[in-house]
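Asker: Sharing a structure with you now.
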Amino acid sequence: MHEMSVALSVVDQVEQAARPGGARGVRRVTVEIGELAGVVPGALAFCFELACAGTLLEGAELVTRSVPGRAACAPCGRAWDTGMPPDMICAGCRGGATGLLSGRDLRITEVHWSALPTAPDPTPVPRHQEN
């Protein structure tokens, strides 16, 4: 299952970005997953939770957004959603000289840091006095 290596990579990249800014934690990470990337969102979510344990991301929510596969025909210029399994034959000219425009994407698009801890309350805590 390569979703675990993807999850570990996401955690590593977010931690590397968080530490220089002094972040104390991460609330949410949003990842775009291309329809043709071969990543199963549910499996990635499961692996992400495991990969976050003991890191700044522990308890963070993973939000995934699907990016459709899109192809274009070089001879006629037509573009279309490929679907899954991908249809790479142009419906306009029936040509096979197509190129993939999107769908293999896998990128972190948003990270929401946890709020930094607030300053301690200056109100003194009452102490029990012994007589």
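None of the figures in this text is laboratory data; all of them are computed from the coordinates on show. As the structure is a computational prediction, the values presented were derived from the model and not from experiment. Cβ atoms come from the backbone with ideal geometry, glycine included; neighbour counts cover every protein chain shown.
Asker: Any idea how far apart VAL40 and SER114 come out in nm if each label point goes 7 Å out from Cα toward Cβ?
Answerer: 3.1
Asker: If you take every DSSP beta bridge fully contained in the chain, what fraction is antiparallel? Give it as a percent rounded to 5.
Answerer: Beta bridges within the chain, antiparallel portion: roughly 65 percent.
Asker: Across the Cα atoms of the chain, what radius of gyration and what greatest pairwise Cα-Cα distance (Dmax) are found, in Å?
Answerer: 22.9, 96
Asker: Starting from the 7 Å offset along Cα-to-Cβ, what nm value, one decimal, do you get for the label separation of SER5 and ARG94?
Answerer: 4.1
Asker: Let me check I've understood the local charge: for GLU49, count other residues with C-beta under 10 angstrom from its C-beta, Lys and Arg +1, Asp and Glu -1. What total comes out? Display every interim value, and only then the final one.
Answerer: Values: positive: none; negative: GLU58, GLU61.
With Lys, Arg at +1 and Asp, Glu at -1, the neighbours total -2.
Asker: Suppose R0 equals 22 Å. What FRET efficiency, 1/(1 + (r/R0)^6) with r the Cβ-Cβ distance, do ARG65 and ARG27 give to the nearest 0.05?
Answerer: Efficiency computed from Cβ-Cβ geometry: 0.80.
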